[in-house]
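Peer 1: Got a structure for you, written out below as structure tokens; questions coming shortly.
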Amino acid sequence: MIEPDTIKLLRECDAGIKMGIDSIEDVISYVHDETFRKHLVECENKHEKLKEEIQKLLDKYHDEGKNPNPMAKSMSWIKTNVKLVMNESDKTIANLMTDGCNMGVKSLNKYLNQYQAADEKTKDIAKQLINLEEKLVSDIRQFL
């Protein structure tokens, strides 16, 4: 029998990955520095691979996954667009992405603690996602 925690953690990872991909897509066209753009593209590609892995597991458990909270997604979109209208710079984008990654890391760690009975494969996916977010923050720190 599957622990409900496994499906719940997969859902949260699914929502987090979708939010991350959407955030990258929202800002990438505004990025000026090629190295910065490369970091974002690389991160997005790794998110897409993890998203496929999560989707296979969700399909196995006959679960549809989870979309990001519509309010959180809307607020993120508004914040991003307002800040970019005021200052369309790589520094602004790095700041926005760092804030988003930090929120994602915080949420995923909370869910890892909350759903301790999840299977190890699912916990490993959550940890991989946390590592991706932390790596992006480290990679783009130079643009802050």
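The values are calculated or read from the model by the stated rules, or taken from the named source; none is laboratory data. Fair warning: this is a prediction, and the values are worked out from it, not measured in the lab. Here Cβ is always computed from backbone atoms with ideal geometry, including for glycine, and neighbour counts include all displayed protein chains.
Peer 1: Of the residues in the range 69-99, how many are outside any helix (DSSP H, G or I), closer than 29 Å to Glu34 by Cα and touching a residue at least 12 places away in the same chain (Cβ under 8 Å)?
Peer 2: 2
Peer 1: Any idea how many residues of the range 50-68 are of a type in the set (Lys, Arg), surrounded by 12 or more Cβ atoms within 10 Å (Cβ to Cβ) and in a helix (DSSP H, G or I)?
Peer 2: Going through the range 50-68 one residue at a time, the tally reaches 1.
Peer 1: Here's something else I'd like to know. Has the range 90-106 got at least one residue that is of a type in the set (A, V, I, L, M) and under 20 Å from Lys8 (Cα atoms)? Lay out the reasoning, then the answer.
Peer 2: From the range 90-106, those of a type in the set (A, V, I, L, M) are 93-94, 96-97, 103, 105; that's our starting set.
Those left that are additionally under 20 Å from Lys8 (Cα atoms): 103, 105.
Yes, there is a match, as at least one residue in the range 90-106 is of a type in the set (A, V, I, L, M) and under 20 Å from Lys8 (Cα atoms).
Peer 1: While we're on this one: Could you check, for the range 67-89, whether at least one of its residues is more than 14 Å from the chain's Cα centre (by Cα), of a type outside the set (S, T, N, Q) and at pLDDT 90 or above?
Peer 2: no
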